[in-house]
Amino acid sequence: MPIPKESRLLRIGVLGAGPIAQIAHLEACRKGRNTQLYALCEAAPDLLARVAAMHRPQRSFLHYADMLADPNVEAVIVGVADQFHAKLALQALEAGKHVLVEKPMGVTVEECEALREAVIASGLTLQVGHNRRFDPGVIHARRFIQEKIGGLISAQFWYYDSVHRYTMTDALQPLVQTSTQVLRPTGDPKSDRRRYLMLAHGSHLTDTARFLAQSEITRLRSRLLERLDRRCWFVDLAYADGSLGHLDLTVTVAGDFEEGFRIQGEHGSVNGRLPISWYHKAGFVECFSTADDLYTRPLGQDGHGYRRQLEGWADTILQGKEQWGAGVHDGLASMRAMAAIARSAATCGDWVALDSVSGGV
């Protein structure tokens, strides 16, 4: 059954009709209880026509400036190449629109800092597309850590991309419409695999590491192994509260996809494993408390993270609810962490303070 719509819907314009829009955001806008797919903007006319025919926005635009000029567009989803994220999110803020920008928020520390200042000055809501925050298992884990775990001791996070990942996702995702007329960044950013994979996957991992530990990462050291056309980052974290952390990002593994975490605290522990987002299935998360010597595990019947993140964003904009999703400060912190990982790996594992880093990965 379709999710009943609320009386007040956030009128959203989606920028970009590429893969992430077709696979995630357009459907999420249409399904959300408090969201409306009002507009779609795409520079390739043939792609715009085909995708608009499938998803039926009220208005279609070839030019971003025209969509931003429409007073009925209240908020914009920036779902284009990473190199365009910060610039186009800034343009939306300058036009008075709220923003959900795909992760990573930007590709350098400096452009993320500039975006933070713009958000603060505007009073508008910017959210970064870290949909894992809206997984029911992750929500259960965060609340357990807030309320029951006591002092934090250690936190481990990992992301293993499978050699079979694209076979799996091709079976789950719709056929994506393409065009030779789409706008692309100069050069070929994906050819720098080290950089591309860190931005694509490391952004998720670093955000989850901050979100669940609920403490800032102050410094880190990392090692990188590139062998057999695979890459593995091992990263030690120092948290502001004195607890220890570890990240393991491996692309790819000869096995199943796996994203997960283990967190140890004074009065309990948390174990979690998250499936590929495209299954729209909640993560398997167990929390143990010494107060009753019991494990708790939510069923998490609604695991559509892309729809849930839009609903949370809309709740913040329309009702003033606390922002659960990643805000502009989170996006900047994630970029700082990824830049620090790159700096440390280049020095074979020296400690790097996050507040000292600049540039990109």
query = Rounded to the nearest 5, what % of the DSSP beta bridges within the chain are antiparallel ones?
reply = 60 percent
task = First select every other residue whose beta carbon is under 11 angstrom from the beta carbon of Arg308; then total the charges, Lys and Arg +1, Asp and Glu -1.
result = +1
request  = Specify whether the C-alpha gyration tensor of the range 56-137 places it in the rounded, prolate or oblate class, a ≥ b ≥ c being the square roots of the eigenvalues: rounded for a/c under 1.5, otherwise prolate if a/b is larger than b/c and oblate if not.
outcome  = oblate
key: Computed [θ] at 222 nm, deg cm²/dmol, the chain (DSSP H ≥ 4; -39,500 (n - 2.57); rounded to nearest 500)   = -9500 deg cm²/dmol
ask   = Can you give the extra length, in nm with one decimal, that the chain gains between Glu322 and Ala254 once fully stretched, where that is 0.36 nm per residue apart less the Cα-Cα distance?
value = 20.4 nm
ask   = Using alpha-carbon positions, what is the distance between the centroids of the range 286-308 and the range 126-182, in Å?
value = 15 Å
request  = With a Förster radius of 35 Å, plug the Cβ-Cβ distance of Val163 and Ala69 into 1/(1 + (r/R0)^6) and report the FRET value to the nearest 0.05.
outcome  = 0.15
key: Links that overshoot a 28 Å alpha carbon limit, given the list Lys5/Lys97; Lys97/Lys148; Lys87/Lys190; Lys281/Lys321   = Lys97/Lys148
query = By how many degrees, 0 to 90 and rounded to 10, does the Cα axis of helix 136-147 deviate from the longest principal axis of the chain?
reply = 50 degrees
ask   = Expressed as an acute angle from 0 to 90° and rounded to the nearest 10, what is the orientation of the C-alpha long axis of helix 85-94 relative to the principal long axis of the chain?
value = 60 degrees
remark   = When Phe61, Phe284 are arranged by how many other beta-carbons sit within 10 Å of their Cβ, fewest first, they go Phe284, Phe61
key: Three-way shape call for the chain based on the alpha-carbon gyration tensor, with the a/c threshold at 1.5   = prolate
query = Once the Cα atoms of helix 45-55 and of the chain are each reduced to a long axis, what angle between those two axes, in degrees from 0 to 90 to the nearest 10, is obtained?
reply = 80 degrees
message = Can you tally the net charge around Trp158? Count Lys and Arg as +1, Asp and Glu as -1, for every other residue whose Cβ sits under 10 Å from the Cβ of Trp158.
response = -1
request  = Would you mind telling me which residue in Leu115, Leu26, Leu244 has the biggest mean-square fluctuation in a Gaussian network model of the chain, where springs connect alpha carbons within a distance under 10 angstrom?
outcome  = Leu244
remark   = Summed over the other residues with a beta carbon less than 14 angstrom from that of Arg223, with K and R at +1 and D and E at -1, the charge totals +1
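A short reminder: the numbers here are calculations on the coordinates, not readings from a lab. Fair warning: this is a prediction, and the values are worked out from it, not measured in the lab. For neighbour counting, all protein chains shown are included, and Cβ atoms are generated from backbone atoms with ideal geometry for every residue, glycine included.
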